[in-house]
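**Student:** One structure follows; several queries about it will come next.
Computed from the coordinates by the stated procedures, all read-outs in this text should not be read as laboratory data. Computed from a predicted structure; not experimentally measured. Glycine gets a Cβ as well: all are built from the backbone with ideal geometry, and neighbour counts include every protein chain shown.
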Amino acid sequence: MNTKNEQFMSDVIAGLSLGQKALPCKYLYDEDGSRLFEAICETSDYYVTRADLAVLDQHLPEMAKLIGEQVHVIEFGSGAGVKTRHLLRALNAPVAYTPIEISASALEASAEALRGHFPKLAIRPLQWDYTQDIPSSVLSVGEPDQRRLVFFPGSTISNFTHTEAAEFLSRIRNMIKAQGDRPDGGLLIGVDLIKAHDILVAAYDDSEGVTRDFNLNLLHRINRELDANFAVDQFRHEARYNTDHNRIEMHLVSQQEQQVRINGHRFEFKDGESIHTENSHKYSVEGFSKLAKESGLKVVKSWVDDQQLFSTHYLECDPGFVD
Ligand code: AVJ
């Protein structure tokens, strides 16, 4: 077994040994999972992607004015999408674009696609796990280094708990704050909003069953990569809204009492017992602004769509913040 699978194995063993069984959501996004996630974004119940784009398209001219000219755009995620293209087109003379993504293939494919659209822009794909620190020199684009705009659309921040989200925002602050000749930069981030529970549950249990397949794919993956014997059809996808934490939780619920063997380890499931596989935290505009403030960022402006489904925020370093 290679090191990558060893890590996967030990995370799975640890997660299934918890009282509430749980698996890290990053393992949902293998090649099949990433393809299924793209398909989720096309379903009629998953409003998130459309609402995100609607907010951007309606307000990009104003956003671009606040962001200013000649920025170095840094995106967390491969940036294959239409949102990146719309942003880059709206900005005034962006100097460089750095998509940061752990999957080399996703990164290269999207960088190549973008080069076709922006032949004169310096596109500098960076293969890196963006939840880990990135040395500042790796991101520098020249002398003097250019002002940075971090772009984090899609409400990917929803996967983080509040503590993780606050740490993540602090790291973004360090990345954009002034250094040498480089002035303070900004952050443009999409955040899904708290709303009626039935809309939320439907978005994570779509009527086409794509989210179900996405969630169950994790068991197929464990069977394939870790020599396990999950009876996948004996598990059911469930999306629950947790009101205490303002989050959707995805679970895989055992449909009977059963045993699963994973590379010599055995795990017991009671009838109805679940594996918690993903969180999607929801925010109010005020709640997100408060979280950002704790991390030394201040919201310059927030925008929401007409139906108040989704929010996009432009933030800058809070000059009054002391770490
Ligand atoms: C990738 C975290 C933005 O929480 O809406 C969607 C993940 N999982 N449907 C979300 C997801 C199932 C998605 N994010």
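**Student:** Let me see the pair-distance distribution of the chain: every alpha carbon pair, 10 Å bin width, integer percents in order.
**Tutor:** Per 10 Å bin, starting at zero, the Cα-Cα P(r) for the chain comes out as 5, 25, 32, 24, 11, 2, 0 percent.
**Student:** Also, I was wondering about something else. Identify which of Ser155, Ser44, Ser311 has the largest mean-square fluctuation in a Gaussian network model of the chain, with springs joining Cα atoms closer than 10 Å.
**Tutor:** It is Ser44.
**Student:** Would any residue of the stretch 79-123 have its amide N under 20 Å from a label point 7 Å out along Cα→Cβ of Asp129? List them or say none.
**Tutor:** 79, 99-108
**Student:** Taking a ≥ b ≥ c as the square roots of the Cα gyration tensor eigenvalues, with a/c under 1.5 meaning rounded and otherwise prolate when a/b beats b/c, else oblate, which class fits the stretch 46-109?
**Tutor:** Oblate shape, in that a/c is at least 1.5 and b/c is the bigger or equal ratio.
**Student:** Could you please rank Met250, Met175, placing first whichever residue has the fewest other Cβ atoms within 10 Å of its Cβ?
**Tutor:** Result, fewest neighbours first: Met175, Met250.
**Student:** Tell me the net charge near Ala111. Cut-off is 12 Å between Cβ atoms, Ala111 excluded, with +1 for each Lys or Arg and -1 for each Asp or Glu.
**Tutor:** On the way: positive: Arg115, Arg124; negative: Glu75, Glu101, Glu108, Glu112.
Local net charge: -2.
**Student:** Moving on to the next point. Please list 184-194, 32-42 highest first by mean number of surrounding beta-carbon atoms within 10 Å per residue.
**Tutor:** Details: 184-194: 22.7, 32-42: 16.1.
Going by the mean number of other Cβ atoms within 10 Å, highest first, we get 184-194, 32-42.
**Student:** Follow-up question, since we're still on this one. Using the basic label-point model (7 angstrom from Cα toward the beta carbon), what is the Asp323 to Gln58 distance in nanometres?
**Tutor:** Placing both labels 7 Å beyond Cα along the Cβ direction yields 3.6 nm.
**Student:** A further question follows. What order, most packed first, do the peptides 294-307, 104-117 have when packing is the mean number of other Cβ atoms within 10 Å of each residue?
**Tutor:** 294-307, 104-117
**Student:** What nm value, rounded to one decimal, do you get for the distance between Ser284 and Glu31 when each label is placed 7 Å out toward the C-beta?
**Tutor:** 4.6
**Student:** Could you work out the local net charge near Glu208, counting Lys and Arg as +1, Asp and Glu as -1, over the other residues with Cβ closer than 11 Å to its Cβ?
**Tutor:** -4
**Student:** Identify, among Gln308, Leu200, Asn246, the residue whose Cα sits farthest towards the positive end of the charge dipole of the chain, taking +1 on the Cβ of Lys and Arg and -1 on the Cβ of Asp and Glu, with the dipole about the Cα centre.
**Tutor:** The residue sitting farthest along the positive end of the dipole is Gln308.
**Student:** Residue separation times 0.36 nm, minus the C-alpha to C-alpha distance between Asp11 and Thr161: what's the value? Walk me through the numbers on the way to the answer.
**Tutor:** On the way: separation 150, 0.36 × 150 = 54.00 nm, distance 1.81 nm.
Here the segment from Asp11 to Thr161 would lengthen by 52.2 nm.
**Student:** Report the FRET efficiency, 1/(1 + (r/R0)^6), for Gln307 and Arg261, where r is their Cβ-Cβ distance and R0 is 41 Å, rounded to 0.05.
**Tutor:** The calculated FRET efficiency here is 0.30.
**Student:** Work out the charge dipole of the stretch 87-197 with +1 on the Cβ of Lys and Arg and -1 on the Cβ of Asp and Glu about the Cα centre, then indicate which of Ile189, Pro119, Thr98 is farthest towards its positive end.
**Tutor:** Pro119
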